[in-house]
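**Q** The following block contains the structure, expressed as structure tokens.
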Amino acid sequence: MNFFLIAGIIASQTLGENYKNRFFAIFIVFAAVLIYASLLVGVMAVDEEARVLVDSGLALMELIALAYALMAAAGTITREIETKTIYLVFSRPVPKPAYLLGKTAGLYLSCALMLAVMSLIHLSLMALRGFALPVFYFKAVVFIWFKLLIITSTAVFISLFSTSVISTVTITAILWTLGHFTQEAKFLIEKSSGAASWALKATAYFIPNFGLFNARDLGARAAGGPGPVFLFIYIFLWFIVPYLFSLLLFRKKEF
Amino acid sequence: MKKYLYPVLTALGACALLFAGPWAFKSYSAPFPPANLIKEVRAGAAEDALALTLGLRRLAADVWFVRLMQYYGTSELEMEFDSAEGARGHKAGPHYHGGVRCEGVHFGEGRYPEFLGYARHILALDPYFLNAGLYAAASLAFNLSRPEEAVSLVNWALIYAPKEWKYVRLLAAIGYSKAKNPAKVAQLIAPLLEEPDCPVMIRQLAAFLNKKAGNHAAAYAIYRSILGSTRDRLYIENAKKEMAKMEQKSKVESK
């Protein structure tokens, strides 16, 4: 069977599993409650209610989708290994690269679905309050998804050598915070010297730069720096490199 | 040959990421003030650090704006009473609220020593929060009679929004207020009122200045615009009261 067809089947299977999983529903309900509760903060801001509602909604969407993505990515392959279902998969002519690609793509789709549902809830609340949609809203949501793509790929790779789901989630959560710390890292590098400066540079260079995709925080303003072509290449690299590293680890495993 | 395909591809991908990482880091410039310009207010350093590491500057600025309004919306007498734990007994004082006369006293007046700290903090987190900048600077200049602090705040805001004509107008209005020329101040801030999201405090101020300068028709129109532009009950009640007064006065004059 065609490589991409197999990957597609596994991706749709993973999406279905995630969608039917009770965690998905719990996260969505939790998000709905929190987004609804953000109305209260909005009311406290009186005439800035629309802005506060948009900002808190987008932030909550991102954090909840992140928590879900990390939990799902950390366990998606390891759970199949523990429950031995992976043996059933590889008893058929399924190439390991296609399996890994399908699993990762399924996670991406799950994140997209979760974001779409949360956006719908958020937009409904905005409409209910009679507020217009800010111009940057959809860009912010798409860029949140880009960030999730990067962190999900990394989490899948880490899960293959990490000892537990908790440690995978912890390591990727640290990467997430460091990735948002780019501007502050620049400041720290300027202020430091010698070995400390080199260590900071190395860390800053080789962790995903989430500042590039933080449209939620930038509002209608564009960050100075790389253009859309570079951003596309950057996302692609942060997908393909963890995927290839995961594959190297995965190929060594006997099923 | 196939044995080496994935390791070679992985090495190539890693090399590409090694080039892309530093490029992304060096070319990225977030349009925000560096972290060292965020001065701590009310022991909120940990909160600020959390906001920066999660890329939540906008939301943090929103939260601090709500806090500023709560701070400014609380009577200083109440604050003193709270801090003294009622040691000397609570004396019911006039209720204060940004620019609105309540119980015979101008609500926005007072010392509010931390006002500038709060305002600077908001703009250090998100220098593009225009309404917060306008609200804070106008309150400092016209309600709290601290035009020097207002000018310093607007100058700070102009560093990140140099083309923002609303700040420039406000700066000029502050200049004329020092020269005790209410008509000129009212004329300068008039264009700000055309903006649908103009802070209500500025509308209130414009109405007051027009009334003071004898432009009752303009003052009436601005009070009427307040009714449809804010959800703040105090401003709405005050606008209704002022409109009723003016209507009564014009009836008496016409008789």
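Just so you know, all these numbers are worked out from the coordinates, no wet-lab data involved. Worth saying up front: this structure is predicted, and the values here are computed from it rather than measured. All Cβ positions, glycine included, derive from the backbone under ideal geometry; neighbour counts span all protein chains shown.
**Q** If r is the Cβ-Cβ distance from B:E47 to A:N21 and R0 is 22 Å, what FRET efficiency results, to the nearest 0.05?
**A** Working: r = 33 Å, r/R0 = 1.52.
Once the sixth-power term is evaluated, E becomes 0.05.
**Q** By count of other Cβ within 10 Å, fewest leading, how are A:I35, A:I171, B:I222 ordered? Let's see the in-between values first.
**A** Working: A:I35 23, A:I171 17, B:I222 26.
Going from sparsest to densest Cβ surroundings: A:I171, A:I35, B:I222.
**Q** Hey, another quick one. Please work out the FRET efficiency for the pair B:S145 and A:V33, using the Cβ-Cβ distance as r and a Förster radius of 41 Å; give the result to the nearest 0.05. Don't skip to the answer; put the middle values down first.
**A** Details: r = 45 Å, r/R0 = 1.10.
Efficiency for this residue pair is about 0.35.
**Q** Suppose every K and R has +1 on its Cβ and every D and E has -1 on its Cβ; what is the size of the dipole of region A:32-143 about the Cα centre, in Debye to the nearest 20?
**A** On the way: 8 positive and 7 negative charges, 130 e Å.
Value, rounded to 20: 620 debye.
**Q** Collect residues whose amide H, placed 1.01 Å from N in the peptide plane, falls under 5 Å from the amide H of B:S29; neighbours closer than 5 in sequence don't count.
**A** A:G224, A:G225
**Q** Let me ask something additional. Count charges around B:A60 for me, please; just the other residues with Cβ under 10 Å from its Cβ, Lys/Arg as +1, Asp/Glu as -1. Each step should come with its number before you reach the end.
**A** Numbers: positive: B:R57, B:R58; negative: A:D55, A:D217, B:E47, B:D48, B:D62, B:D126.
Once positives and negatives cancel, what remains is -4.
**Q** Over the whole of A:203-215, what's the average partner chain Cβ count within 10 Å per residue? Rounded to a whole number, please. Write down the numbers at each step before the final one.
**A** Numbers: counts 0, 5, 10, 6, 2, 3, 7, 2, 7, 5, 1, 6, 0.
Average neighbour count from other chains, rounded to a whole number: 4.
**Q** Now for a separate question. Distance between Cα centroids, region B:1-61 to region A:61-92: provide it in whole Å.
**A** 26 Å
**Q** Using a 10 Å cut-off around each Cβ of peptide A:50-59, what is the average number of partner chain Cβ atoms that fall inside? Before the final figure, lay out each step's value.
**A** Numbers: counts 1, 9, 7, 1, 3, 9, 5, 1, 3, 8.
Per-residue shielding by partner chains comes out at 5.
**Q** Which whole-angstrom value gives the distance between the alpha carbon centres of region A:145-208 and region A:16-43?
**A** One Cα centre to the other: 27 Å.
**Q** Sort A:58-69, A:188-199, B:127-138 by packing, meaning the average of other beta carbons within 10 Å per residue, with the highest value first.
**A** Details: A:58-69: 22.4, A:188-199: 12.3, B:127-138: 24.7.
Sorting A:58-69, A:188-199, B:127-138 by mean packing, highest first, produces B:127-138, A:58-69, A:188-199.
**Q** Taking the number of other C-beta atoms within 10 Å as the exposure measure, put A:K186, B:K251, A:K147, A:K139 in order starting with the fewest.
**A** Working: A:K186 21, B:K251 9, A:K147 27, A:K139 17.
With the fewest neighbours first, A:K186, B:K251, A:K147, A:K139 line up as B:K251, A:K139, A:K186, A:K147.
**Q** How far is the Cα center of region A:225-246 from the Cα center of region B:201-255, in Å?
**A** Taking the Cα centre of region B:201-255 as reference, the centre of region A:225-246 is 58 Å away.
**Q** Mind putting a number on the dipole of region A:96-255 about its Cα centre? Charges go on the C-beta only, +1 for Lys and Arg and -1 for Asp and Glu, and I need it in Debye to the nearest 20.
**A** On the way: 13 positive and 4 negative charges, 35 e Å.
The calculation lands at about 160 debye.
**Q** Would you kindly derive the ³J(HN,Hα) couplings of region A:205-210 from the backbone phi angles with the Karplus curve 6.51 cos²θ - 1.76 cosθ + 1.60 (θ = phi - 60°), listing them in order in whole Hz, with x for Gly and Pro?
**A** For region A:205-210, the Karplus curve yields 6, 10, 10, x, 8, 6 Hz.
**Q** In whole Å, largest first, what are the principal axis extents of the Cα atoms in chain B?
**A** Result for chain B: principal-axis Cα extents of 104, 49, 32 Å.
**Q** To continue, here is another question. Using each residue's phi in region B:195-206, evaluate 6.51 cos²θ - 1.76 cosθ + 1.60 at θ = phi - 60° and report the 3J(HN,Hα) Karplus result to the nearest Hz, with x for Gly and Pro.
**A** 6, x, 9, 4, x, 4, 4, 6, 4, 4, 5, 4
**Q** To continue, here is another question. Going down the list A:K139/B:K39; A:K191/B:K26; B:K184/B:K212; A:K96/A:K252; A:K20/A:K253; A:K84/A:K253, which pairs span over 20 Å between their C-alpha atoms? Spell out each step's value before the answer.
**A** Numbers: A:K139/B:K39 31 Å; A:K191/B:K26 16 Å; B:K184/B:K212 11 Å; A:K96/A:K252 10 Å; A:K20/A:K253 28 Å; A:K84/A:K253 13 Å.
A:K139/B:K39; A:K20/A:K253, as the Cα separations exceed 20 Å there.
**Q** Another question, then. Considering chain B as a Gaussian network with a 10 Å cut-off on Cα pairs, which listed residue, B:R111, B:R224, B:R233, attains the greatest mean-square fluctuation?
**A** For chain B, modelled as a Gaussian network with Cα springs under 10 Å, the answer is B:R233.
**Q** Now for a different question. What distance in nm separates the simple spin-label points at B:K163 and A:F206, each placed 7 Å from Cα in the Cβ direction?
**A** Going from the B:K163 label point to the A:F206 one covers 4.1 nm.
**Q** For B:A172 paired with A:R92, estimate the spin-label separation in nm (one decimal), with each label point 7 Å from Cα along the Cα-to-Cβ line.
**A** Taking the two extended label points, one gets 7.3 nm.
**Q** Let me ask something additional. Residue-wise, which Karplus ³J(HN,Hα) couplings in Hz belong to region B:225-234, taking 6.51 cos²θ - 1.76 cosθ + 1.60, θ = phi - 60°, and x for glycine or proline?
**A** Couplings: 5, 5, 4, x, 10, 9, 10, 6, 4, 4 Hz.
**Q** Which whole number gives the average count of other chain Cβ atoms within 10 Å of the Cβ atoms across peptide B:35-41? Walk me through the numbers on the way to the answer.
**A** Details: counts 7, 4, 1, 0, 0, 0, 0.
Across the residues of B:35-41, the mean count of other-chain Cβ atoms within 10 Å is 2.
**Q** Shifting gears a bit: Rounded, prolate or oblate: which one fits region A:3-252, using the alpha carbon gyration tensor with axes a ≥ b ≥ c (rounded when a/c is under 1.5, else prolate when a/b beats b/c, else oblate)? Provide the component values of the computation, followed by the final result.
**A** Details: a/c = 2.03, a/b = 1.23, b/c = 1.65.
Oblate.
**Q** Next question, about the same structure. Using the basic label-point model (7 angstrom from Cα toward the beta carbon), what is the B:V8 to A:T177 distance in nanometres?
**A** 4.2 nm
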